[in-house]
Amino acid sequence: MTWNRSPAGGGSAVTVDHSDDTGLARLRELGYRQELKRDLSVLSNFAFSFSIISVLTGVTTLYNTGLNFGGPATMTFGWFVAGAFTMAVGASMAEICSSFPTSGGLYYWSARLSGKRWAPFASWITGWFNVVGQWAVTTSVDYSLAQLIQVIILLATGGKTGGGYVASKYMVLGFHAAILLSHAVINSLPISCLSFLGQFAAAWNVLGVFVLMIAVPTVATERASAEFVFTHFNTDNDGAGIRSSLYIFVLGLLMSQYTFTGYDASAHMTEETKNADKNGPIGIISAIGISILVGWGYILGITFAVKDIPYLLSPDNDAGGYAIAEVFYLAFKSRYGSGVGGIVCLGIVAVAIYLCGMSSVTSNSRMAYAFSRDGAMPFSSVWHKVNRQDVPINAVWLSAFIALCMALPSLGSLVAFQAMVSIATVGLYISYALPVLFRVTLARKCFVPGPFSLGRYGVMVGWVAVLWVATISVLFSLPVAYPVTKDTLNYTPVAVGGLFFLVIASWVLSARHWFTGPITNLDG
């Protein structure tokens with residue numbers, strides 16, 4: 001990795017007065033005028049990505065998956081496998097972000113790196129996969145918070161074994177709607193307020209992890225051995241009929257890979273970040289790196305309090321099968337005779353998930369704003385508007401509304417809802433890989449990096465990133481249980497394939513006649 005002295009793009013280097021904001025100067029070179037308030041520091045930019053990755057969110061909500069498919073060994077070692085490859089994806093994105101620091105992010109990068117002939121199509125498919133993937137992330141995050149609130153209420157009223165209150169699916173959806181409404185209201189505030197909340201979210205995630213990884217195993221009267229935490233491989237995956245250890249390990253990686261999503265927020269916030277051609281890449285790299293370290297500590301701390309995996313996964317336990325909630329609850333109940341302390345710990349996680357959803361809406365709205373600025377969305381002129389505080393207010397409320405709509409399938413079937421949410425991992429990563437693919441193929445010889453550069457390793461790291469995304473796209477589409485039925489079918493390929501079909505069909509039938517890719521709006 002190297003840091004060049006002057007910013008550059010997909011052409012020749014341009015000399016810039018370094019007494020000015022280099023990110024602002026680069027935005028002008030790319031053909032855009034400044035419309036959003038450029039007030040974020042490098043810390044704030046990092047905070048948005050870090051709070052969306054939110055290890056407390058990802059690990060907590062998919063801890064059941066980790067325990068079920070491989071258990072402790074898959075989680076402790078699989079975390080680093082997914083983390084290392086994610087860093088390759090992030091580093092490749094950071095290099096491109098340094099050259100093209102715009103809110104459009106990935107779809108703009110694809111347009112600039114694919115050549116004039118392919119630019120409109122590359123921009124179209126990347127943009128739609130990214131914006132829909134982000135809406136799916138917001139949906140999954142806020143709905144997981146609604147489910148956690150349901151579990152907290154259940155435990156606070158006596159637990160499942162004590163006749164606790166179980167909220168209906170309609171009430172859970174109501175929680176989800178209320179959370180989204182509050183997130184839309186918060187994201188309507190000036191960027192200075194969001195900057196503070198973003199930094200608070202990052203601090204909460206770090207401090208929350210340290211509190212939980214120390215408190216839970218310390219309070220537990222029985223703790224797992226180091227041998228169990230690092231070597232125990234769970235193959236009793238709830239009667240799923242899978243016997244291959246490698247297959248089980250692969251399926252368990254979903255917990256880690258789902259957590260490592262959303263760091264493209266640093267790219268989408270570049271038009272509001274000072275010296276974005278330098279600070280945007282720092283935000284991406286640091287968010288991933290710190291999440292790897294902090295997240296591993298969280299996994300270890302919680303897993304040392306795990307003893308009976310089948311019981312934790314059983315729907316008949318106090319938490320109704322929500323494994324990590326049962327771990328917290330039992331740890332305090334075994335020590336003090338009451339699980340109140342465990343409920344408080346769940347409250348810490350709930351706040352982290354709430355802040356994660358808040359930052360996710362922020363990133364969503366900036367992507368929708370930029371995509372509509374280039375005329376790619378229906379009613380683009382509406383979503384592109386900014387208010388007096390320089391906030392893309394309509395795009396904010398659009399993102400919240402669509403995230404609500406994407407949760408509606410949960411009323412019919414959680415299987416259908418999970419198919420929708422699967423786009424959050426696979427669909428979003430496809431949008432990450434496309435501009436990187438163009439950078440290492442069509443633009444291999446003409447790409448000129450910005451201040452942040454991977455140097456001679458850029459192409460190699462880029463290929464690693466592309467191949468990893470191709471690999472997880474296949475792995476996470478595999479069946480998770482045998483025999484395969486309508487209730488056990490992995491609907492990921494259906495959901496992602498459906499999105500691909502709609503994007504291609506809309507291009508062939510309509511967009512190819514009028515969409516020309518990113519449009520400059522710099523007067524004169």
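The values are calculated or read from the model by the stated rules, or taken from the named source; none is laboratory data. Note that the coordinates shown come from a computational prediction; the quantities given were computed from them, not determined experimentally. So basically every Cβ, Gly included, is an ideal-geometry build from the backbone, and we count neighbours across all protein chains shown. Accessible surface is based on the protein model in full, side chains and every heavy atom, while ligands, DNA and RNA are left aside. Shrake-Rupley method; radii C 1.70, N 1.55, O 1.52, S 1.80 Å.
Of ALA94, ALA119, ALA146, all but one fail to be open to solvent by less than 10 Å² (accessible area, probe 1.4 Å) and under 30 Å from LEU36 (Cα atoms); the exception is ALA94.
Does any residue of segment 336-358 turn out to be assigned to a loop (DSSP other than H, G, I, E, B) and touching a residue at least 24 places away in the same chain (Cβ under 8 Å)? Within segment 336-358, one or more residues are assigned to a loop (DSSP other than H, G, I, E, B) and touching a residue at least 24 places away in the same chain (Cβ under 8 Å). Is one or more of the residues making up segment 129-141 among the aromatic types (Phe, Trp, Tyr) and more than 20 Å from the chain's Cα centre (by Cα)? Looking for residues that are among the aromatic types (Phe, Trp, Tyr) and more than 20 Å from the chain's Cα centre (by Cα), one finds none in segment 129-141, hence no.
All of VAL382, VAL344 fail the test of being at pLDDT 90 or above and either open to solvent by 30 Å² or more (accessible area, probe 1.4 Å) or at positive phi (or both), apart from VAL344.
Of all the listed residues (ASP374, ASP308, ASP318), the sole one being touching a Lys or Arg at 6+ places or on another chain (Cβ under 7 Å) and either more than 30 Å from ARG223 (Cα to Cα) or at pLDDT below 95 (or both) is ASP318. Only residues that are over 17 Å from ALA224 (Cβ atoms) and more than 16 Å from the chain's Cα centre (by Cα) were counted in segment 69-83, giving 4. The single residue among PRO479, PRO483 that is open to solvent by 30 Å² or more (accessible area, probe 1.4 Å) and without any contact (Cβ under 8 Å) to a residue 60 or more places away in the chain turns out to be PRO479. Just checking, does segment 355-372 include any residue being open to solvent by less than 20 Å² (accessible area, probe 1.4 Å) and among the basic types (Lys, Arg)? Within segment 355-372, one or more residues are open to solvent by less than 20 Å² (accessible area, probe 1.4 Å) and among the basic types (Lys, Arg). Restricting attention to segment 159-176, the residues that are in contact (Cβ under 8 Å) with a residue 40 or more places away in the chain and over 15 Å from SER360 (Cα atoms) total 10.
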